[in-house]
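Below is one structure, written out as structure tokens; the observations come after it.
The values are calculated or read from the model by the stated rules, or taken from the named source; none is laboratory data. The shown structure was predicted, so the numbers you read here are calculated from the model rather than taken from an experiment. Here Cβ is always computed from backbone atoms with ideal geometry, including for glycine, and neighbour counts include all displayed protein chains. Only protein heavy atoms, including side chains, enter the accessible area calculation; ligands, DNA and RNA are left aside. Shrake-Rupley method; radii C 1.70, N 1.55, O 1.52, S 1.80 Å.
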Amino acid sequence: MNSIEKQPPAQWPPSPINPESESPRFLSLRAKFSLYISLVIMLVCSGLSIFLIQQESARMEGALRNTGKILVTTIEKVSTNRVIIQDIDYLETMLEGALSAPEVVYAIVRDREGRILVAKSKGILLDLSRAMRDREHSLLPDAALTNSFFSQQYHKPYPQPLIAVWDTVPKKIGKFAPRTNGAPADEMRKKHPETLYDFALPVYRKARSSTTLDLLSSENLDESVQTLSGRTQIMGVIQVGLTTAYMKKALDRTVWEIGLFTLVIMLAGIMLTLVLANRIIAPLQRLAKAARQFSEGEPYVEVTSGAMDEVGQLTRSINTMAKTLQERQEAISAYVDTITLQLNQLSTLHQTGMIITSTLDMQKLFTTVLTLLREKMGFQRMVLVLKDSSKNKYVLSDISGIPQDLEPQIKGLKFSIVPDTFDETLLIHGHPVLVTDIEANVDRMNPDVLGLCRQVEVVSFVSAPLISHAEVLGYLGADKGQARCTQEDLHLLMTIANHVAVAIDNARTYQDLETLAAGLERRVQDRTQDLQAANNRLEELDRLKSAFVSIVSHELRTPMTSIKGLIENMMDGLTGELTERQTFYLSRVKHNIERLTRMINDLLDLSRIEAGRMELEMTAVNIGSIAREVDELLQPMAEEQSLTLVTNIIDPIPLVQGDRDKLIQIFTNLTNNALKFTQPSGTVTIEVKHHTDGSIHVGITDTGCGIPSDELQTVFERFYRSQSADSKNRGAGLGLAITKSLVELHGGKIGVESTLGQGSRFWFTLPVQSSKLHDD
């Protein structure tokens, strides 16, 4: 037997401990083992029992089917001729013999029409346990079970009997409902329902052979064809019904026997499981007790066992573990001390990183970092040295841990970089330095630095260079008083130095950026003032230009109107008869005066638009009517240039809110442009339609010279003149700019599509006034 013993701290082996001192507060291993094994036994036994019962049921059903097949086949073989001649007495005797079998409930012989020749039945079941039946109430199947045999006169022989299964009380009324002798029989069937297997086999007679002469006669033609095809003729059907009552009775008895046997096996298995669990689990419980004591901090616990199995091996392993646990606890204590020191260092590094990232003030950064490292990392003094801009000197930028009366004297001291000393190693080559004894390295020390170290009683120190972007910025130094510095101190200082170097570089970059930003801000302010002054000047010039254009346009219109009127009078003959040459010159003068008048009007319109003084007289306007009006107005001009001007109005067109005169101006400008830049025999098309987005879409398409793709973005700018058009067709470049402004004042959009050498299409859209449509 195993036992658990507890040893006092001062002796080994430990003293015994009662394993039953504490009871488990959870489902024990013994209970789990017993429960699982018992469950497996019950499942296996139950499954095996079910399997055996299913096998026995299948065997009994197969035996019943074989009995029915043999019986109906035997009756068919010995009664074929009797059925053909319908020997009723012989058939009754044969069926009575068939009913002598206990499973047979009924036997039927049907003729070739499906009618019953002879039917024998044991009657309805009265007592299932004793298999008693009422012969006065016969039990016969429905004729539908054999209907398939009589669907046609001749058949190929059936190799096996036709088997149908039916219940005396079906779940729902169907074609296989049983035949009984009235309501009393139906009530008895409902009290004792049973399942019947119906075996049906047809009786055949081969068709007679025919001679050649018979085959030629018309009377035997059909029969001859059937004979030649090798078919057989059905003469009747033998039906035998077998009950499953005896099979179910035997199966119930088998189920009881198998169930009882299974129950005995399960009980025996459970008892054996309990005994086995007690022998296996008890030692494991003692081991669990010992393990719990180990987890509670009692390493001096021993479990004794004389067994050589796996439990005994586990017991010896636990004893070995107990002996080595004390040694491991001592090692763990040492590890804990080391880890605590490392955690302290990591915490300090984390705090240093937070300080570095939280400020860009270098002086505040240096003071905070040096103080933190000296307090947390065990250093007594720390110094931060930065390389001077001259590259040949360095300065003590900050120091921590020295007496306050010495700090003002030491802080800010500058030293020259002495070759072949630690200065060169740190500030030129960028290598760290570990000096365990200053007096042993006097020849490598800068004399000025050596004197300072002796003044503050430094005996050993470590220094790590501050390197950022491959440039040495200075170094970080530290010492531990009278204690010697180690390689671990150097590694720690190097890690900190990397962070400090990045912080110094960031702070310097930030200062440079601030200086640059201040200079840029001053330059931007100067440029802004210059631009503001230039903008004010341009605004004044633009105002003067607009005023000049307005004044000049008004002043020019008056004399131009007078000149035009005088020329028209002269051309009308008021001053006398004119020669042909005089008439030609006056017509050219009139043409140019009209051109100047249009240019002056365009300038006035443009100045009003730019000044925001263009006022629209908004009314409900029919765009289709305006398109036709402009078409009629410009038809003479198109005919004069041998052009075709076409207007397409896609009805119906809704009304729009707009200034009628300005809309006519828009149509006239775009159509006039199209006519002007289209070669003779060309075509200009005005198209008006109601767009799917609800707006009125107007397009003016020509087959003229087209517009280069690089000029499409500038065609609507003021004073734009296409370089691809003839110089005689170029105007002042104001028509399209005015047209664009007028379209936008109406809340619409304007655009152009063009292919050089093929023509252009100018389009604009106008919003619809309402949903009312017009067919004009």
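A simple spin-label model places pseudo-atoms 7 Å from Cα toward Cβ; at T93 and L343 they are separated by 11.1 nm. Among the protein heavy atoms, those of D530 account for about 90 Å² of accessible surface (1.4 Å probe, every chain in place). Rg/Rh for the range 39-117 (Cα atoms only, Rh after Kirkwood) is 1.31. Accessible-area rank, largest first, for T273, T685: T685, T273, with all protein chains present and a 1.4 angstrom probe. For the residue pairs K564/K740; K376/K414; K77/K249; K77/K120; K69/K122; K564/K749, the C-alpha atoms sit more than 26 angstrom apart in K564/K740; K376/K414; K77/K249; K564/K749.
Counting only protein heavy atoms and using a 1.4 Å probe, the accessible area of M571 comes to about 70 Å². Heavy-atom accessible area, probed at 1.4 angstrom with all protein chains present, ranks H697, H431 as H431, H697, highest first. Dimensions of the range 641-701 based on its C-alpha atoms, expressed as ranges along the principal axes with the largest first, amount to 36, 23, 15 Å. Which value, in Å² and to the nearest 10, is the accessible area of R522 when all protein chains are kept and the probe is 1.4 Å? Counting only protein heavy atoms, the figure is 140 Å².
With a 1.4 Å probe rolled over the protein heavy atoms of all chains, the accessible area of C705, C485 falls in the order C705, C485, largest first.
Counting only Cα atoms, the size of the range 591-710 along its three principal axes is 38, 38, 33 Å, in decreasing order. One decimal place: the segment E717-S681 gains 10.0 nm when fully extended, by the rule 0.36 nm per residue minus the C-alpha distance. Kindly state, to the nearest 0.05, the FRET efficiency for S562 paired with R523, given R0 = 56 Å and r defined as their beta-carbon distance. Approximately 0.45, to the nearest 0.05.
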